[in-house]
Amino acid sequence: DIKEFCPDFDGLDFIIGGPPCQTFSAAGARAMGVAGTKDERGNLFLEYVRLLSSLKPKGFLFENVYRIIGANKGKDWEQITKAFSNVGYKLFYRILDTADYGVPQHRERLIIIGVREDIIENRWFLFPRPTHGPDSRSNLPHFASQLALNGLPPEISKKGLSGKYGYLLKEIPPGLNYSF
């Protein structure tokens, strides 16, 4: 349980993580409304802030669904960004599509990069340019799931598609996901 985690080390350069997304996600909204920070899971970002305050890494990456920005009419987003800023981090954020970085699925995620204020001063963090798709310099096509699965060792590929809905995977067009 992250609430019980009390690290006894220092010298950490970077932390990567994010709280559960259900309380901010579209699926969560359909199932229970957008609870955001009114839900216990939506407050786990405070544990992330606690660790930042304790460990004081040079920076961090925080990932979640982009709907977090508008949860509870933006009040949750304001609370989250203020908490990160209050422990000494300058924030840079952007909504990125994983397909633009070689992942075989369009999946938009909010990425927050925090850099300790005493390190960043008046400079800015620049997000990497996309490696795939129309916005990439190389104009590489988005990576399709079929290509990701090609060349698997025989012992893996013989198992076939598994899971309750595994048989449906072949029906998903390249670049799309379960919502198809």
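The values are calculated or read from the model by the stated rules, or taken from the named source; none is laboratory data. Owing to the predicted nature of the structure, the values given are computational and were not obtained by experimental measurement. As a convention, Cβ positions derive from the backbone with ideal geometry for all residues, glycine included, and neighbour counts pool all protein chains shown. Surface accessibility is based on the protein's heavy atoms, side chains included, excluding ligands, DNA and RNA. Shrake-Rupley method; radii C 1.70, N 1.55, O 1.52, S 1.80 Å.
A few remarks follow.
- Options Arg94, Arg109: the member that is free of Cβ contacts under 8 Å to residues at least 40 places away in the same chain and part of a strand (DSSP E or B): Arg94
- Criterion applied to Pro174, Pro130 was being under 24 Å from the mean Cα position of the chain (by Cα), surrounded by 11 or more Cβ atoms within 10 Å (Cβ to Cβ), within 11 Å of Ala99 (Cα to Cα) and modelled with pLDDT of 75 or more, and the one residue passing it is Pro130.
- Hey, Ala83 more than 30 Å from Leu149 (Cβ to Cβ), outside any loop (DSSP other than H, G, I, E, B) and at pLDDT 85 or above or not: yes
- Within the range 83-92, being closer than 18 Å to Phe24 by Cα and open to solvent by 30 Å² or more (accessible area, probe 1.4 Å) holds for no residue.
- Being at positive phi and modelled with pLDDT under 90 holds for only one residue in Gly42, Gly11, and it is Gly11.
- Of all residues in the range 53-86, those satisfying the criterion of being touching a helix residue (DSSP H, G or I) at 6+ places or on another chain (Cβ under 9 Å) and over 20 Å from Ile120 (Cβ atoms) are Asn64, Val65, Arg67, Ile68, Ile69, Gly70, Ala71, Asn72, Lys75, Asp76, Trp77, Gln79.
- Verdict on Ala29 being open to solvent by less than 40 Å² (accessible area, probe 1.4 Å), over 30 Å from Leu149 (Cα atoms) and either modelled with pLDDT under 90 or aromatic (Phe, Trp, Tyr) (or both): yes
- Selection of the range 158-168 for residues being open to solvent by 70 Å² or more (accessible area, probe 1.4 Å) and at pLDDT below 75 yields Lys158, Lys159, Leu161, Ser162.
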